[in-house]
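J.: I have a structure here, written as C-alpha cells, and I will follow up with some questions on it.
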Amino acid sequence: MKKHQNKPLVKEEYPGVFVDVWYQELEHLAGQHVWIEDTVYKVIEDQEANTEFSLDNAELICNNVKLYKDENKALETIGEPGIGDTYISDNKLYSITTDDSEDFPDDGFLIVASVHERFYRAAIDCAESVKLFHPDAHITVFVDNEDWIKPSDYEKADWIVTWGVPNHIRAKLWALGRTPYKGKTCYLDADMLCQHEDIANVFDELPENLDLLFTKIRPYNAKITKLSNTEEMTMHCGMFVYRNNPQTIKLMNSWYGEYVKQQDPDHDIGTYPNECRKWDTFTMWKLLTYSDHGVFWDESLHIRWNFINGHLDSELEGEEIVMWHYSIPSHEIHLKK
C-alpha cells in the first residue's frame, strides 16, 4: 500500500439520479428515488400521499447515506462530510473516497489525535508499537493538524487523515463512523502501547453475534462509574472492536452529536452527576441504555486487551498484556517546543 497522506476524491454516485427526501404527505411515483432514515430507495409502484413508507414498495439502492445540503433548511444535516462518507447534497448522491481506497483490507486499527501535538506523537508511537508486534497490521490515524505530520510517520501508519477532522477534544467520536474498514475496526486510544503479538488476533475477539465489544471499567481505577443506586456505566470506551454495519455506524455518528450537546450547560442530563457531562463514556452509556439502536454489544473483552495503568495484575489471570493503556502527563500535553 502507498504510504502517503490521502487527499479526498468526491464522486457522484448514480449520475443523473435525483434523490428526494421522503415526505409522507406527498405523492411518490414509480421510479422515484427517495431518502429516508439514512437510506436511499427506489419506489416500485406509485404511492398515494399520506401513506406510510413501505419496504414492500421500495428497492434499496444505498444505505448509510447522510444529508448534507437540502433546500429545506429545517431538516437536520451533517457538517462537512469526511472521507468514507456517502451523502446527499442538493438532491444528488456523492461519496468521498481516496485514490487507494480499493486497497484497504476488511479489518484495521483506528487511532485519533486532536487539539494537542503530544496526543498525535502518542498516536504515532501507538501505531509503531502495533506494527512492531504485527507488521501486517493496517493502521489509520486521524489528526486535525497537518503540520504535525513527519515523513517518517508514514512508516508507522498506513493512512494519515487530516481532511475534515474537527479541532475538538473528542474528535475520536467524529472519526469512528468514518472508519475506512468495511469489516471490523479496532479503536485504540492514542495513549496505548502494544506489548504482545496476539494483537494480530484482536479481530477474532468480536464474535459473529455481536457488533461492538468493550472491556469493562474497573471502578477502583476509574473517576466515576456509579450514576445512581441502580445504574452504572462500565463499558470502557478507550479501546473496543466494532463492526461496520448500518446500525453500528449510526450509533457511532450519534455518539459525537450527543456528546457535543451534552457539553452545553443548559442541556438536561437528568438527575445524573454533573461531572458526568465531560465523559464520552456517559454519552455512550446513555445511547446503549436508552436509545433504540439495534446494536448487539458486550463488555466481556478480556482485560489484557486494554490493561490500564493502575489495574491489578491479578486481573490478568495469568495472561499477558496485549495493549497497555497509560496516561500522558498533563505537563507534557501543554509543553511548548
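J.: For mean projected area of the Cα convex hull in nm², pick the label among (i) 18.7; (ii) 21.6; (iii) 19.6 that corresponds to the value derived from the coordinates.
T.: Read-out from the structure maps to (iii).
J.: Based on the Kirkwood radius over alpha-carbon pairs, what value in µm²/s does the Stokes-Einstein equation return for the translational diffusion coefficient of segment 162-248 at 4 °C and 1.567 mPa s?
T.: On the way: Rh = 15.1 Å.
Estimated via Stokes-Einstein, D reaches 86 µm²/s.
J.: Any chance you could list P(r) for segment 204-337, counting all Cα-Cα pairs in 5 angstrom bins from zero, rounded to whole %?
T.: Per 5 Å bin, starting at zero, the Cα-Cα P(r) for segment 204-337 comes out as 2, 9, 17, 19, 19, 17, 11, 5, 1, 0 percent.
J.: Under 8 Å for C-alpha pairs, at least 6 residues apart: give me the relative contact order for segment 209-328, rounded to a whole percent.
T.: Values: 147 pairs, mean separation 40.7, N = 120.
Result for segment 209-328 is 34 percent.
J.: Then there's this: Remind me, relative contact order of the chain in percent, using alpha carbon pairs under 8 angstrom and six or more residues apart?
T.: Taking the mean separation of contacting Cα pairs over the length of the chain, I get 15 percent.
J.: When the C-alpha atoms of segment 34-103 are aligned to their principal axes, what extent does each axis show, in angstrom, from largest down?
T.: 43, 31, 15
J.: Then there is this: As I understand it, the dipole of segment 74-204 uses +1 on the Cβ of Lys and Arg and -1 on the Cβ of Asp and Glu, about the Cα centre. Which of 194, 160, 112 lies farthest toward its positive end?
T.: 112
J.: Separate question: Using heavy-atom solvent-accessible surface (probe 1.4 Å) with all chains present, what is the largest-first order of 20, 204? Working shown, then result.
T.: Numbers: 20 45, 204 120 Å².
Largest accessible area first, the residues go 204, 20.
J.: May I pose another question? As I understand it, the dipole of the chain uses +1 on the Cβ of Lys and Arg and -1 on the Cβ of Asp and Glu, about the Cα centre. Which of 239, 249, 177 lies farthest toward its positive end?
T.: 239
J.: Roughly speaking, to the nearest percent, how much of the chain's 1.4 Å accessible area is carbon and sulfur? Present the calculation step by step, with values, prior to reporting the outcome.
T.: Values: 7830 of 16580 Å².
Exposed carbon and sulfur together represent 47 percent of the surface.
J.: Take the residue pairs 11/172; 66/131; 92/172; 42/69; 172/286 and return only those whose Cα atoms are more than 22 Å apart.
T.: Details: 11/172 25 Å; 66/131 34 Å; 92/172 28 Å; 42/69 20 Å; 172/286 18 Å.
Those over the limit are 11/172; 66/131; 92/172.
J.: Calculate, for the chain, the solvent-accessible area per residue in square angstrom, rolling a 1.4 angstrom probe over the heavy atoms of the protein chains. Intermediate values should be presented prior to the final figure.
T.: On the way: 16580 Å² over 337 residues.
Dividing the accessible area of the chain by its residue count gives 49 Å².
The values are calculated or read from the model by the stated rules, or taken from the named source; none is laboratory data. On a predicted model such as this, the values are computed, not experimentally measured, just so you know. A quick note on method: Cβ atoms are made from the backbone with ideal geometry, for glycine too, and the neighbour counts reach across all protein chains shown. Heavy atoms of the whole protein, side chains included, go into the accessibility calculation; ligands, DNA and RNA do not. Shrake-Rupley method; radii C 1.70, N 1.55, O 1.52, S 1.80 Å.
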